[in-house]
Amino acid sequence: MLAFILRRLIQAVIVMVTVAFISFMLFQYVGDPVVFLLGQDATPEQIRELRASLGLDKPFFVQFWHFLVNAAQGEFGLSLRQGAKVSRLIAERFPATLELALVAAVLALAIGVPMGVYAALKRGTFTSQLFMTLSLLGVSLPTFLIGILLILVFAVTLGWFPSFGRGEVVQMGWWSTGLLKAKGWHHITLPAITLAIFQLTLIMRLVRAEMLEVLRTDYIKFARARGLSNRAIHFGHALKNTLVPVMTITGLQLGGLIAFAIITETVFQWPGMGLLFIQAVTFADIPVMAAYLCLIALIFVVINLVVDLLYFAVDPRLRVGKAGGH
């Protein structure tokens, strides 16, 4: 177990260094930050002084080393657009994105897993076929179109939900949350549903496929021969083994929800990291773009490590080697 963790940590470090290098290359090939900060009318003396103060006059690998050291401390310099520290901007926006992603993930799991189990156990019924048809729509429709349709129906036509913003939030130190206020839940409903629909349909189809595969295995036939009830077979044996690959997809999708909430945040003007990244791309705000890429890579690396460790808790076959060497 310790060797496994060490291997994964080494792999994680390699991935993070690679992503950091790609992020660092943005500073080299996406415009000159000195020009962005001083403008076109800056004198050569001003440009030389600023380049020296930012360390841009040093060799390439020295600059990259300084970038790695600062990134490890969460420092990415100043935003070229807002003039504020990038770490502060990320800290202000991260709670909104994480809150939206977690609510969407809970919705996707709470609805997708039961729907997938039902579609597998009741295969061929009208309801099962309806679930599969709806899942095709959920996978096929683009996220921005789903968001616009939800705004049109529930915000504009019916007036049940607001169409933009985060609503009222509670500040707890540097963290902010809207889940402690009714208006916060009111505002997060449509964005969370929009973000969850694709993940929900993906989880439902995966659970159904894995459940059907597990139900055909020999140990399920043996369990039936022992006289176990359908409830014990379906939920005590089949579902537990079905959840192993589902955990992988769910973990990766949680990272995807955080990373690719950009479209949803743009449609609903949700004040999260995705909207900040879009604004950074529009104005070529390189420090913000680099910080976003590194943070998203870190989130994926951490989630992958956690999912791999959870395998040992869910799948007993991975622990067999530790018991007497069998």
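The values are calculated or read from the model by the stated rules, or taken from the named source; none is laboratory data. The shown structure was predicted, so the numbers you read here are calculated from the model rather than taken from an experiment. Reconstructed Cβ throughout: ideal geometry from the backbone, glycine too, with neighbour counts over all protein chains shown. All accessible areas refer to the heavy atoms of the entire protein, side chains included, with ligands and DNA or RNA removed. Shrake-Rupley method; radii C 1.70, N 1.55, O 1.52, S 1.80 Å.
Using r as the Cβ-Cβ distance of Ala3 and Ile278, and R0 as 56 Å, what FRET efficiency do you calculate, to the nearest 0.05? Don't skip to the answer; put the middle values down first.
Working: r = 42 Å, r/R0 = 0.75.
Between Ala3 and Ile278 the formula returns 0.85.
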Considering only the other residues whose Cβ falls under 13 Å of the Cβ of Thr264, what net charge follows from Lys and Arg at +1 and Asp and Glu at -1?
-1
For the chain, what does -39500 (n - 2.57) per DSSP helix run (n ≥ 4), summed and divided by total residues, give at 222 nm, in deg cm²/dmol to the nearest 500?
-23000 deg cm²/dmol
Ser140 and Glu168 label points (each 7 Å along its Cα→Cβ direction) are spaced in nm at 4.3 nm
Span-like helices, the chain: DSSP H, alpha-carbon axial extent 24 Å or more, mean Kyte-Doolittle -1.0 or greater, which ones?
2-29, 86-121, 182-215, 239-259, 286-314
With every protein chain in place, the chain: carbon and sulfur % of accessible area (1.4 Å):
68 percent
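With the Cα gyration tensor of the stretch 125-229 in hand, convert its eigenvalues to equivalent ellipsoid semi-axes via √(5λ) and list them largest first in whole Å. The partial results should precede the final answer.
Values: eigenvalues 304, 82, 26 Å².
Three semi-axes, in Å: 39, 20, 11.
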Calculate, for Leu212 and Leu158, the FRET efficiency according to 1/(1 + (r/R0)^6) with r their C-beta to C-beta distance and R0 30 Å; round to the nearest 0.05.
0.20
Please work out the average accessible area per residue across the chain, using the 1.4 Å probe convention, and give it in Å².
54 Å²
Using 0.36 nm per residue of separation minus the Cα-Cα distance, give me the extension gain between Arg51 and Lys122 in nm, one decimal.
18.9 nm
Short version: what are the Cα gyration tensor semi-axes of the chain, square root of 5 times each eigenvalue, largest first, in whole Å?
44, 28, 15
Among Leu309, Leu107, Leu190, residue whose mean-square fluctuation peaks in a GNM of the chain (springs only between Cα atoms under 10 Å):
Leu309
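Restricting to Cα pairs below 8 Å that are 6+ residues apart, what does the relative contact order work out to for the chain? Please round to a whole percent.
Values: 356 pairs, mean separation 82.6, N = 326.
Across the chain, relative contact order equals 25 percent.
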Using a Gaussian network for the chain with springs between C-alpha atoms less than 10 Å apart, which of these wobbles most: Ala84, Ala297, Ala42?
Ala42
